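Remarks on the structure that follows.
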Amino acid sequence: TDEEIDVEGMFLSDHLDQPEKWQITAGDSEANTVIPAHGHLVIWADKTEGINQLHADFKLNNEDNSLILLTAADKSWADTLTYCRHDGFQTVGLYPDGGTQLYVMERPTIGATNVLTTHALAWNEPHTKPIVDHIERTTTSDLALSFDGSNIMMQGADAARLDIFTPSGQLMMTTRIQANSPVNITRLPHGIYVARAKTDDDDVTIKLTLH
């Protein structure tokens, strides 16, 4: 995004059933937990004690359909990336940074922008078990949003204004949503979005991924 992001308190895991496996924290170390605007942050998954870098207490698998899961500190959202087998001279990641297409790239890019070369291979993530985005309520009302992969549904109010943003805050769609009347968003480009429903008295947001 255009703003720095502090990941202190967020969770990393390599297993969907253990989303809080390791909490990101600088603790007493000199490690930095802030991602600069349009920047990068390296977290080593190697089970070693961190001194001036972040080290998770688990090691990532190197098999096809392995995954890494990031969950918000308040558990209001979760995001996952499923990756394939690779060697120590390759980078498996999204290109461009923050995009939707996963590649096996023949150039390591630790702490740097991913680089697509002529030897890069596209790899499609399998959708064996979707991540269900948790609902973040700003009040104690019953207003709620849900997403089934194509449509956004609302419960808890007769009608509301629905805004859909990119993670960087760009407004992509505005419409009126009614209770039990789904809004189809498949005309939007594939990617990650934030959907917000707002009434005169309440608002609620969810994070969703459109494949």
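The values are calculated or read from the model by the stated rules, or taken from the named source; none is laboratory data. Computed from a prediction, not measured in an experiment: that's the story for all the values here. As a convention, Cβ positions derive from the backbone with ideal geometry for all residues, glycine included, and neighbour counts pool all protein chains shown. Surface accessibility is based on the protein's heavy atoms, side chains included, excluding ligands, DNA and RNA. Shrake-Rupley method; radii C 1.70, N 1.55, O 1.52, S 1.80 Å.
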Inverse of mean 1/r across different Cα pairs in segment 151-211, Kirkwood, Å: 11.7
Accessible carbon and sulfur surface of segment 5-49 relative to its total accessible area, %, 1.4 Å: 49
Integer Hz, Karplus 6.51/-1.76/1.60 couplings in order for segment 94-109, x for Gly and Pro: 8, 9, x, 3, x, x, 10, 9, 8, 10, 9, 9, 8, 8, x, 9
10 Å binning of all Cα-Cα separations within segment 1-115, expressed as whole percents from 0 upward: 13, 43, 40, 4
Label selected from (1) 70, 32, 26; (2) 53, 43, 32; (3) 71, 40, 37, the criterion being Cα extents along the principal axes in Å as computed here: (2)
Length added when fully stretched, D57-S76, from 0.36 nm per residue minus Cα-Cα: 4.5 nm
Amide N proximity, segment 49-69 versus L16 label position 7 Å along Cα-to-Cβ, cut-off under 13 Å: 65-69
